[in-house]
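Comments concern the structure below.
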């Protein structure tokens with residue numbers, strides 16, 4: 001157990017540190033051996049573990065749904081086919097209830113976001129020591145690394161870089177379709193003519209600056225709230241799992257108590273990871289719907 005060779009503070013910091021690849025202070029490129037080196041790498045550093053699990057789970061999602069589609073039948077559908085059809089119907093009803101425009105991309109995008117975010121969040125249910133210990137053994141015996149310098153976070157949604165990346169992708173799509181549907185005049189008209197308006201032209205001119213400030217803040221808040229909501233909830237959940245894992249190093253009585261706590265929190269956390277995936281998906285649909293709303297809809 002990591003708690004036997006590390007203090008509680010070191011154990012927590014180790015589990016919250018990403019495997020970071022970037023340019024070291026001597027000019028060479030490699031993995032950071034501590035948090036200070038990772039910080040020095042700056043913006044161009046890559047969180048290898050976040051990228052690895054995000055891509056792997058995305059590929060797993062595509063493979064699973066492709067397999068279900070290839071084996072789909074109307075005679076005697078398998079359990080996997082029934083399950084996936086149920087998810088697709090659920091996503092389709094969510095899109096129809098929240099999106100009033102016409103865009104064939106929205107439903108597949110909503111499905112991808114829901115399943116992908118759910119799979120990413122689901123990694124939080126794997127005991128916090130299992131995969132990092134496997135990574136430490138691989139680093140030690142295959143690459144000759146110090147196991148204490150092998151960092152391996154397995155929940156991409158506890159990395160703000162991942163949640164901000166997804167939120168920015170949604171934000172850029174909503175901006176693109178907003179420009180496409182409303183045009184430049186309509187887009188900037190929304191930023192300057194709402195929420196305050198008046199039939200008096202002089203008064204309306206006075207409202208332009210306050211409207212622009214308020215609407216710009218609201219616009220920027222969309223990707224921020226979308227990313228921080230997912231990150232904050234998942235980071236808090238991961239932290240609780242790490243704190244519970246520390247109890248296993250405090251003797252058999254505390255370990256048994258920690259086991260019950262871990263089981264209870266894991267069961268409750270199933271609801272959290274599903275809810276967070278659903279919220280991210282619904283807000284994406286809502287933002288796309290707002291992009292399709294014209295001045296007449298306000």
When residue 243 is run through (1) surrounded by fewer than 18 Cβ atoms within 10 Å (Cβ to Cβ); (2) within 25 Å of residue 282 (Cα to Cα), the failure sits at (2)
Residue pairs, Cβ under 6 Å, 6 or more apart or interchain, first in segment 137-158 and more than 28 Å from residue 234 (Cβ to Cβ), second modelled with pLDDT under 95. List them. 140/147
Within segment 206-224, the residues that are out of contact with any helix residue (DSSP H, G or I) (no Cβ under 8 Å at 6 or more places or on another chain), surrounded by fewer than 14 Cβ atoms within 10 Å (Cβ to Cβ) and closer than 28 Å to residue 287 by Cβ are 209, 210, 213, 217, 218, 220, 221
Can you report the number of residues in segment 134-168 which are part of a helix (DSSP H, G or I) and farther than 25 Å from residue 268 by Cβ? 16
What are the residue pairs meeting all of these: first residue in segment 187-205, first residue surrounded by 15 or more Cβ atoms within 10 Å (Cβ to Cβ), second residue in a loop (DSSP other than H, G, I, E, B), Cβ atoms under 9 Å, and 6 or more apart or on different chains? 190/293; 190/294; 190/298; 193/298; 194/298; 204/196; 204/197; 204/198
The correct count of residues that are surrounded by fewer than 17 Cβ atoms within 10 Å (Cβ to Cβ) and either touching a strand residue (DSSP E or B) at 6+ places or on another chain (Cβ under 9 Å) or closer than 13 Å to residue 286 by Cβ (or both) in segment 92-109 is 3
If we ask which residues in segment 225-238 are surrounded by fewer than 19 Cβ atoms within 10 Å (Cβ to Cβ), without any contact (Cβ under 8 Å) to a residue 60 or more places away in the chain and within 26 Å of residue 10 (Cα to Cα), their number turns out to be 2
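Within segment 208-223, identify whether any single residue is touching a residue at least 12 places away in the same chain (Cβ under 8 Å), closer than 30 Å to residue 154 by Cα and within 31 Å of the chain's Cα centre (by Cα), and answer yes or no.
Within segment 208-223, one or more residues are touching a residue at least 12 places away in the same chain (Cβ under 8 Å), closer than 30 Å to residue 154 by Cα and within 31 Å of the chain's Cα centre (by Cα).
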Members of segment 159-182 found to be buried (at least 19 other Cβ atoms within 10 Å of the Cβ) and farther than 20 Å from residue 282 by Cα, listed by number: 159
Here the residues within segment 29-77 that are within 18 Å of the chain's Cα centre (by Cα) and farther than 19 Å from residue 158 by Cα are 59, 60, 61, 62
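Would you confirm, using the coordinates I've provided, whether residue 151 is within 30 Å of residue 12 (Cβ to Cβ), surrounded by 14 or more Cβ atoms within 10 Å (Cβ to Cβ) and more than 18 Å from the chain's Cα centre (by Cα)?
Judged against the criteria, residue 151 is a match.
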Could you list all residues from segment 67-110 that are touching a residue at least 40 places away in the same chain (Cβ under 8 Å) and assigned to a helix (DSSP H, G or I)? 91, 94, 95, 98, 106, 109, 110
Restrict the check to segment 82-90 and report whether at least one residue is in contact with a helix residue (DSSP H, G or I) (Cβ under 8 Å, 6 or more places away or on another chain) and surrounded by fewer than 17 Cβ atoms within 10 Å (Cβ to Cβ). yes
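Residue by residue, here is whether (1) surrounded by 13 or more Cβ atoms within 10 Å (Cβ to Cβ); (2) part of a loop (DSSP other than H, G, I, E, B) holds:
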{"residue": "15", "(1), (2)": "yes, no"}
{"residue": "18", "(1), (2)": "yes, yes"}
{"residue": "21", "(1), (2)": "yes, no"}
{"residue": "27", "(1), (2)": "no, yes"}
{"residue": "39", "(1), (2)": "no, no"}
{"residue": "43", "(1), (2)": "no, yes"}
{"residue": "55", "(1), (2)": "no, no"}
{"residue": "58", "(1), (2)": "yes, no"}
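The values are calculated or read from the model by the stated rules, or taken from the named source; none is laboratory data. These numbers come from a predicted model, not from an experiment. Note: ideal-geometry Cβ built from the backbone for every residue, glycine included; neighbour counts use all protein chains shown.
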